[in-house]
1. Each label point is 7 Å from the Cα along the Cα-to-Cβ direction; what then is the distance between the points at GLU326 and ASP349, in nm?
2. Per residue of region 215-230, in order, report the coupling 6.51 cos²θ - 1.76 cosθ + 1.60 (Karplus, θ = phi - 60°) as ³J(HN,Hα) in whole Hz, putting x for Gly and Pro.
3. Considering Cα pairs under 8 angstrom that are at least six residues apart, work out the relative contact order of region 266-351 and quote it in whole percent.
4. Dipole magnitude of region 7-69 about its Cα centre, charges +1 at Lys/Arg Cβ and -1 at Asp/Glu Cβ only, in debye to the nearest 20?
5. Quick one: VAL334, VAL191, VAL25, VAL13, fewest Cβ neighbours within 10 Å first, how do they rank?
6. Would you please report the Å³ per residue occupied by the convex hull of the alpha carbon atoms in region 184-275?
Amino acid sequence: MMVEREEKRWNAVVARDAGQDGEFVYGVGSTRIYCRPSCPSRRPLRSRVAFFENPAEAERAGYRACLRCEPQQDQRRAIRQIQQARDYIDQHPDETVTLKRLGQIAEMSPFHLQRTFKRVVGVSPKTYASARRLNRMKSRLRQGHTVSRATYDAGYGSGSRAYEHARAGLGMTPGTYRNGGRGLRIQFAVVETELGHLLIAATDRGLCAVMLGDDPARLEAELGREYPAATLERSDYGLRGYTDAVAGRLLGLEEGKLPLHVQGTPFQWQVWEALRRIPAGETRSYRQIAREIGRPNAARAVAQACASNRVALVIPCHRVVRETGELGGYRWGVERKRRILDQERQQRDSRSGSTVPAS
């Protein structure tokens with residue numbers, strides 16, 4: 001598949017096919033310059049050509065833009081076109097927008113729009129439209145509108161559709177969200193560990209909060225601020241399975257994924273899922289995570305998504321560090337972050353049979 005794609009791209013370069021401009025760029029190893037497919041410059045040797053999805057990828061590999069064909073213009077034009085598509089979605093909340101319609105708005109083929117939209121925005125047009133609709137409903141509910149009015153204003157065609165989206169995006173029904181979690185039953189437990197007190201909170205659907213601190217009372221107060229109208233019940237015994245599993249993560253032990261009941265935007269969930277894929281004892285930089293989710297320029301937004309994580313350890317934001325390798329910040333203290341990583345590495349090395357020389 002990869003060979004066929006590269007052959008197709010090389011044929012486009014040979015033909016100087018302007019129809020492929022914006023689909024990819026190619027770099028020439030001998031000059032370290034990258035061009036668009038239709039570049040009129042002298043054709044390079046095939047053995048010296050490397051293909052890249054976009055200018056940003058080529059520049060990360062050490063290539064600079066051709067001054068003759070200016071391939072960055074394709075990227076700038078694509079960003080403008082995608083912004084037109086985003087504006088249309090924002091301005092038509094009650095319309096089920098198809099890729100064909102968005103393609104007409106942005107003057108792109110549906111396939112190219114879908115691919116470019118996801119690269120530029122980070123999610124598909126469908127996911128973006130769903131997130132915008134959900135955010136509009138949340139805004140109306142916070143303003144005190146009735147559930148029926150909020151769902152109608154947000155563009156939902158039916159109440160059942162709104163409830164479906166709300167449960168997926170909010171972790172609760174629209175009415176429960178409007179009332180600050182009223183009617184939501186949350187059990188919590190607090191246990192003492194080597195790294196301080198650990199608070200675990202869960203609904204019947206999964207974990208909704210994991211906190212670390214030195215003062216149990218302050219942890220309970222913070223949970224109350226997160227869910228001001230929910231019914232909070234302490235249940236150390238009932239949550240024993242959760243507390244054992246999460247406390248084990250403080251010792252570098254990790255077995256399987258735990259069920260979660262937390263709300264987040266599509267972008268936040270992209271980041272959080274990427275964090276959950278980092279093996280225990282390893283780290284990634286914010287920029288590496290941004291690249292992994294297809295948003296190479298969103299390192300700062302990745303850091304914000306890490307900071308908004310409500311379930312420490314389970315979504316392991318402690319495994320994200322600065323580009324320099326420095327630990328950076330951590331909501332529960334940098335020293336805790338260091339010790340958690342050390343424990344994970346010790347467990348990893350123990351399982352692999354490797355040893356660390358004494359200093």
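1. 2.5 nm
2. 10, x, 5, 5, 5, 5, 5, 5, 4, x, 5, 5, 10, x, 10, 7
3. Contact order relative to length: 34 percent.
4. The calculated dipole for region 7-69 is roughly 360 debye.
5. By the 10 Å Cβ count, ascending: VAL334, VAL191, VAL13, VAL25.
6. In region 184-275, the Cα hull volume divided by residue count equals 108 Å³.
FYI, it's all coordinate maths here, none of it is from the lab. All of these numbers come straight from a predicted model, not from anything done at the bench. All Cβ positions, glycine included, derive from the backbone under ideal geometry; neighbour counts span all protein chains shown.
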